[in-house]
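The values are calculated or read from the model by the stated rules, or taken from the named source; none is laboratory data. Predicted, not measured: the structure shown is a model, and the values here were computed from it. Here the Cβ positions follow ideal geometry from the backbone for every residue, glycine too, while neighbour counts run over all protein chains shown. Remember, those area values only see protein heavy atoms, side chains included, never the ligands or the DNA or RNA. Shrake-Rupley method; radii C 1.70, N 1.55, O 1.52, S 1.80 Å.
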Amino acid sequence: MHVESFGSFLGGQAKALRESHSQFTSRDAARSRDLAEIHQFVKQIPAFARNLRSLRNHIHVAERVKGTAESGPFRQRWMTERGMLEGETCYDALEDLLAADEGPYRFLRLMCLQSMTGNGIKSSRYDGLRREVVQTYGYEYLSVLNDLEKAGLLRRRETFSLESMATPYSTLRKALDLIDADVDPSDPRDVSYVSSGYAPMTVRWVERAMDGYAGTEDAMMELPTGSGGRWVDVEQRRDRAETLAESLARGKGGTLRSLAGSGTGDGRPVLLVYYVGGVTFMELAALRFLSRGGTGFPYRIVCCATEVVNGSTLLRSLSC
């Protein structure tokens, strides 16, 4: 459930409990109760008490989550991330976070995001940010920066290019419809609702796989491949070598959507999605939404992963 729907949902639960209690304890209703009805009500008291405790706990959790989500620092980070994901350059925001003494790995996560969405960081800005990271957090973070560069998460953009030119990420963003500015968290119809407008890229690829990645051949070429290979494997013909586009166009006799058949509800087949290296809670929430089948997704999803990660734990694991 989206954080913006907490209030109305918990309000409805509280109203239902209050009405259930008042229907039996009202003076007029009490006069017409017989012993069997009273006995039945007494049996329901433990369950009512459990529901009441559960509601109180969820209200406390919702208050904590809402307080964090509406805090100034969180909103600033969210707006910075969203700007980067929409293709903006947020160098000034990064410098402001350094000046505000943002946590080192929170800052490095945003710096990596800017690098990956912008096809690198402009050379002049990159040198300045590296210098300020070392001056703000200490010389030991120089090795962390080097490790992130080796992993391909940070890189300098040396060649001349206009900010408006297409980047690998911008091509992927448009081809996969990663941004949905009109998403309604209270009535979700797309996986992008999990972050109020951004659809996790891996989950979009799961959706596109249903139709054999049709129309995404060019976008696949933009996926980073550190080893020089490709991230999408296809069955090759034995008589001659094929390009990726030719293999995808040929297909294997049916797409995953057609192979799923017409199963509905619990009768749908199971799709195993495996993450090597780790999966984030955002991706899990988006896969859970798909698995419910409300958008017509033909499979129930079982997700396996080597671990659950977030931005900070991922960067820590890369900086040895």
Setting aside same-chain residues fewer than 8 positions from K43, which lysines have a Cα under 24 Å from its Cα? K15
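Leaving ligands and nucleic acids out of the surface, order E86, E307 by accessible area at 1.4 Å, largest first.
On the way: E86 80, E307 100 Å².
Putting E86, E307 in descending order of accessible area: E307, E86.
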Quick one: Cα centre-to-centre distance for region 271-291 and region 62-117, in angstrom? 23 Å
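Provide the FRET efficiency to the nearest 0.05 for the L17-R106 pair, computing r from the beta carbons and using R0 = 30 Å. Can you show the working numbers first?
Working: r = 40 Å, r/R0 = 1.32.
The formula returns an efficiency of 0.15 here.
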Quick one: accessible surface of K43, probe radius 1.4 Å, all protein chains present, in square angstrom to the nearest 10. 120 Å²
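Suppose the chain between I179 and A305 were pulled fully straight at 0.36 nm per residue; how much longer would it get relative to their current alpha carbon spacing? Could you put the intermediate results ahead of the total?
Values: separation 126, 0.36 × 126 = 45.36 nm, distance 2.53 nm.
Length gained between I179 and A305: 42.8 nm.
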Extending each Cα 7 Å along its Cβ direction at M201 and R156, get the distance between those two points in nm, one decimal. 2.4 nm
